[in-house]
Amino acid sequence: MMTSKEIRKSFLDFFAKKDHKIVPSAPMVVKNDPTLMFTNAGMNQFKDIFLGNEPAKYKRVADSQKCLRVSGKHNDLEEVGHDTYHHTMFEMLGNWSFGDYFKKEIIDWAWEYLTEVVKLDKNRLYATVFEGAADENLSADEEAKGYWLKHLPADRVIMGNKHDNFWEMGATGPCGPCSEIHIDLRSDEERAKIPGVELVNQSHPQVIEIWNLVFMQFNRKADGSLEPLPAKHVDTGMGFERLCMALQGKQSNYDTDIFQPVIQEIARLTGIKYGAAEKTDVAMRVIADHIRAISFAIADGQLPSNAKAGYVIRRILRRAVRYAYTFLNQSDPFIYKLLPVFISVMGEAYPELTAQKDIIEKVIIEEETSFLKTLETGIKLLDKVVAAAKGENKTEIDGKTVFVLYDTYGFPLDLTELILKENGMTLNQKEFETELGKQKERSRQDAKVDSSDWVEVNSFSTEEFTGYDNLEETVKIWRYRQVEAKGKKYFQLVFDKTPFYGEMGGQTGDQGVLQSADEKIYITDTQKENGLSIHIVKELPKNLKADFKAIVNIEKRSASEANHSATHLLDEALREILGKHVEQKGSLVCPEYLRFDFSHFSKLSDEEIEKVEAFVNKKIREAIALEEYRDMPIEEAKAKGAIALFGEKYGDKVRVVKFGSSVELCGGCHTQNTGKIGFFKIITETAIASGVRRIEALTGKAAEDFLRQQCAITSDLKLTFKAKTEIAALEAVKALIDENAALKKQIENLQREKLVSVKDALLNKVKTVNGLNVIAEIVKVDNKDLLKDLSFQLRQQVENSFIVLGAEIDGKPTLSVIISDNVVKERGLNAGQIVREAGKEILGGGGGQPFYATAGGKNPAGLQKAIEAAVKTL
Ligand code: ATP
Ligand code: MG
């Protein structure tokens with residue numbers, strides 16, 4: 001039996017022999033495409049080529065691509081675990097022809113690979129072909145059908161509709177008819193009963209699609225119409241886990257050697273056997289699947305968070321925690337315990353997992369812990385709701401309450417339903433749906449970006465970026481489109497060439513102007529999208545065909561360059577001073593400041609921060625010249641010691657940015673020598689997640705301004721304290737603090753002395769009321785503590801006492817009642833009740849214990865009446 005590793009290799013070897021270049025998987029988290037959060041198919045990384053934005057470097061390519069299908073057009077999340085062949089994260093084996101071979105070759109090769117190389121049983125295979133779609137004016141794919149009939153009998157070539165046999169990446173973008181290969185993995189006995197052809201595309205768990213051959217011919221435009229692509233391409237995708245299932249003679253992906261080790265580890269840790277019951281099996285599959293998605297995402301640099309891609313990852317993790325909690329009785333963090341086994345299975349093929357084991361573990365534990373707390377809080381809240389409903393003899397909980405629990409507290413709906421069911425209750429599903437609908441509409445409106453189709457102004461086929469060398473360029477407009485987002489309208493422009501850097505790799509986009517002989521338009525931002533630089537403008541030039549000067553704002557660009565180069569030096573400093581475990585986890589470079597996130601497990605000490613600053617500033621003073629290599633083979637760059645980032649997409653040729661011993665793969669903009677950074681100053685160092693720290697720092701003029709401000713504050717301080725030096729000012733502050741403390745003590749002593757005389761005077765005013773020794777007076781004290789002291793001291797000195805004191809403290813009336821313990825017992829008096837009643841006279845309220853209580857109020861004029869009211873209760 002072939003192992004999963006051998007299977008992956010056999011696929012790549014097969015296509016290498018057919019002259020395909022084997023390329024690495026692109027990162028799973030997509031960074032520069034607003035229409036896509038995660039890679040959902042092997043073709044994503046080649047989208048620019050299909051769209052004609054970028055020429056293909058190789059005409060034939062193959063790879064194994066990490067995919068995630070949990071959002072957007074391809075979302076399988078709800079299936080995962082419940083069925084046995086959809087995953088959140090999976091590997092897609094794929095091969096491509098960019099304007100090279102087409103339908104005939106790929107159909108022959110797919111057949112050759114499946115039946116001759118890995119030797120699947122020919123009698124279990126089916127092919128589907130596009131039947132055409134009248135509404136789109138598309139005819140049936142007779143060509144593909146013809147090629148299949150060479151290999152398969154006619155009854156196993158099935159015509160399929162647009163839903164199954166026309167592949168689209170998203171709402172817009174490259175697409176085309178496809179031909180899928182399905183396999184029937186049922187037993188001979190079952191196959192004899194029902195022919196497989198009846199089960200293809202019927203969601204049968206053992207009659208499934210394994211390979212999709214897409215013939216990319218069209219681009220779906222924003223208005224829904226199809227436009228032919230410049231060239232015809234082949235794009236295929238085969239589910240690696242499904243192929244392994246078929247080749248290992250299994251009927252579930254989870255029974256292959258990819259998942260079994262993790263499933264068995266779950267069984268060992270929970271003491272529940274896989275196969276014992278459907279519910280626990282589903283939970284085990286969910287967890288075995290989700291740990292992959294989460295770990296790969298974190299390794300790609302995407303931490304769980306509250307927004308966008310980070311939120312999707314958080315939700316996947318929470319789904320796993322929730323299944324472990326409810327079905328496998330795990331109320332403590334559990335999923336992280338599976339990491340060693342998981343990494344032993346996947347770590348060899350994906351070294352980023354091994355390299356980042358520690359941080360993946362920390363992040364998962366932290367997320368698990370906090371979500372388990374959420375669950376606990378949610379359960380308590382729900383218990384209250386249930387109890388209240390029971391009190392009112394209701395059996396239905398309203399949808400609004402449940403929605404708050406779901407939306408505000410992140411409490412899963414199905415768990416709510418389960419708990420309600422256990423209590424013989426239901427929830428008002430309709431109300432819940434209404435609330436959910438309202439919220440979805442709100443976020444849809446917030447996130448809505450309406451882009452029109454590109455309008456071509458001049459015909460070009462590529463864009464050239466000249467911004468490493470030039471900040472000004474004569475350009476022509478290639479294309480433009482209108483975009484509407486959050487109620488704002490703006491335009492995006494693409495030029496034939498541009499000096500403007502588009503936001504990428506943490507560095508924000510350039511700003512500047514677009515100028516022609518008779519107009520000047522501001523470029524407010526530049527973004528990178530599908531390989532092109534997109535210039536954002538509020539209005540379109542009147543004459544789109546004119547020659548323009550595109551001029552970058554030099555001041556902002558230079559500040560960004562200084563911050564970017566300083567970021568490289570900071571990275572080196574951290575690895576030098578804290579250790580080689582430091583990995584970049586995020587970076588922002590803009591004109592104003594720089595932000596750098598990195599893995600490290602404790603707060604930096606003042607001394608470490610000082611060392612880091614000193615390291616960077618020393619390199620700045622050395623004015624080390626920039627050495628830049630624009631097209632270095634990646635292997636050579638790595639040999640030079642260049643630091644590559646996990647989760648970044650690198651080609652064969654990379655750009656290397658070197659300042660002496662700092663060597664990084666980087667596409668960003670840099671100063672000509674480190675001296676131009678001027679000066680480097682860290683302003684904050686904080687934690688952003690477990691094991692991830694964040695430094696914010698300033699360079700150049702911003703650092704200068706910051707220091708000037710600091711100096712202004714110290715010189716103010718000197719002036720205030722009439723000190724000659726900073727040290728003298730500090731001494732003066734310290735002396736002031738000491739003096740202040742001493743004065744406080746003195747005041748306290750004086751107040752106590754005063755209290756003694758107040759007390760003595762009160763002792764002379766004891767009256768007898770109903771056989772009790774009563775003191776009922778307004779007194780002058782400075783604070784509530786003194787009033788309390790006074791009350792307790794009097795009670796101690798007077799037997800059978802009932803003492804009511806009123807005082808005006810800081811303009812507000814306070815009433816205190818204190819009663820001897822024996823009086824409380826014998827007469828059944830309650831100071832708490834008495835102050836509450838009497839407190840009405842001062843427009844206030846209060847309470848306490850039966851022997852001592854106080855009330856505060858708003859009306860000092862009522863104090864005397866309040867005291868009398870208290871005495872009247874005797
Ligand atoms: P299905 O109909 O089974 O969901 P699909 O039509 O969505 O598959 P494609 O988009 O054509 O699949 O993707 C190509 C191949 O990737 C499929 O033939 C299948 O083998 C595999 N695949 C698709 N989705 C998943 C998933 N969620 N988990 C594992 N493999 C998948
Ligand atoms: Mg699907």
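A few points about this structure:
- For segment 11-50, the residues whose backbone nitrogen is under 16 Å from a point 7 Å from the Cα of residue 75, taken along Cα to Cβ, are 35-40.
- The Cβ shell under 10 Å around residue 476 holds other residues with a net charge of 0, Lys and Arg each +1, Asp and Glu each -1.
- Along the axis of the charge dipole computed for the chain (Cβ charges of +1 for Lys and Arg, -1 for Asp and Glu, origin at the Cα centre), the listed residues 792, 335, 709 are led at the positive end by 792.
- Counted charge near residue 840, where neighbours are those whose Cβ lies closer than 15 Å (Asp, Glu -1; Lys, Arg +1): +1
- A simple rule links phi to the HN-Hα coupling: the Karplus curve 6.51 cos²θ - 1.76 cosθ + 1.60 with θ = phi - 60°, which for segment 30-36 gives 8, 9, 10, 9, x, 8, 8 Hz, with x for Gly and Pro.
- Each other residue within a Cβ distance under 13 Å of residue 139 adds +1 if Lys or Arg and -1 if Asp or Glu, for a net charge of -4.
- Rounded to the nearest whole Hz, the Karplus-based 3J(HN,Hα) values (6.51 cos²θ - 1.76 cosθ + 1.60, θ = phi - 60°) of segment 751-757 follow the sequence 4, 5, 4, 4, 4, 4, 6, with x at glycine and proline.
- Look at the Cα gyration tensor of segment 10-139: its axes a ≥ b ≥ c give a/c under 1.5, and that counts as rounded.
- Average Cα contact separation per residue, the chain, under 8 Å, 6 or more apart, as relative contact order %: 7
- Residues 529, 841, sorted by accessible area with the largest first, give 841, 529 [1.4 Å probe; ligands and nucleic acids excluded].
- Dipole magnitude of segment 178-260 about its Cα centre (Cβ charges: Lys, Arg +1; Asp, Glu -1), debye to nearest 20: 200
- Prolate/oblate/rounded label for segment 674-764 (Cα gyration tensor, a/c 1.5): oblate
- Note on segment 419-489: dipole from Cβ charges, positive end direction compared against 424, 477, 460; the farthest Cα belongs to 424.
- Cβ charges +1 (Lys, Arg) and -1 (Asp, Glu), total dipole of segment 81-188, debye: 240
- Under 5 Å, built H, 5+ apart or other chain: amide partners of residue 660: 627
- With N the number of residues in the chain, Rg(Cα) / (2.2 N^0.38 Å) evaluates to 1.27.
- The length gained on full extension between residue 872 and residue 59, counted as 0.36 nm times the residue separation minus their Cα-Cα distance, comes to 282.6 nm.
- Remark: the chain carries a charge dipole of roughly 2280 debye about the Cα centre, counting +1 on each Lys and Arg Cβ and -1 on each Asp and Glu Cβ.
- Measuring r between the beta carbons of residue 711 and residue 576 and using R0 = 35 Å, the FRET efficiency lands at 0.75.
- Peptides 247-257, 444-454 ranked from most to least packed, by the mean per-residue count of other Cβ atoms within 10 Å: 247-257, 444-454.
- Segment 91-127 and segment 309-336 have Cα centres separated by 38 Å.
- Contour minus Cα-Cα distance for residue 441 and residue 761 (0.36 nm per residue): 108.0 nm
- Separation of the alpha carbons by more than 31 angstrom is noted, of 66/488; 103/545; 273/421, for 66/488; 103/545.
- Here is the tail figure for segment 304-443: Cα pairs spaced more than 19 Å apart come to 59 percent of all pairs.
- Helix-only mean residue ellipticity at 222 nm for the chain, each DSSP H run of n ≥ 4 adding -39500 (n - 2.57), per residue, nearest 500: -12500 deg cm²/dmol
- Here segment 767-822 and segment 1-59 have alpha carbon centers that stand 84 Å from each other.
- The alpha carbon centroids of segment 379-452 and segment 632-668 are separated by 50 Å.
- Each of residue 9 and residue 605 was given a label point 7 Å from its Cα along the Cα-to-Cβ line. The distance between the two points is 4.9 nm.
- Surface composition of the chain: carbon plus sulfur atoms contribute 50% of the solvent-accessible area (1.4 Å probe, protein chains only, all chains present).
- Potential lengthening between residue 118 and residue 622 on full extension [0.36 nm per residue; Cα-Cα distance subtracted]: 175.4 nm
- Residue-by-residue Karplus 3J(HN,Hα) for segment 13-24, coefficients 6.51, -1.76, 1.60, Hz, glycine and proline x: 4, 4, 6, 4, 5, 8, 6, 8, 7, 8, 10, x
- By accessible area with a 1.4 Å probe, ligands and nucleic acids excluded, highest first: order of 581, 20, 151: 581, 151, 20
The values are calculated or read from the model by the stated rules, or taken from the named source; none is laboratory data. Everything numeric here is computed off the predicted structure, so don't read it as measured data. Every residue, glycine as well, gets a Cβ built from its backbone with ideal geometry; the counts of neighbours run over all protein chains shown. Heads up: the accessible areas ignore ligands, DNA and RNA and are worked out on the full protein's heavy atoms, side chains in. Shrake-Rupley method; radii C 1.70, N 1.55, O 1.52, S 1.80 Å.
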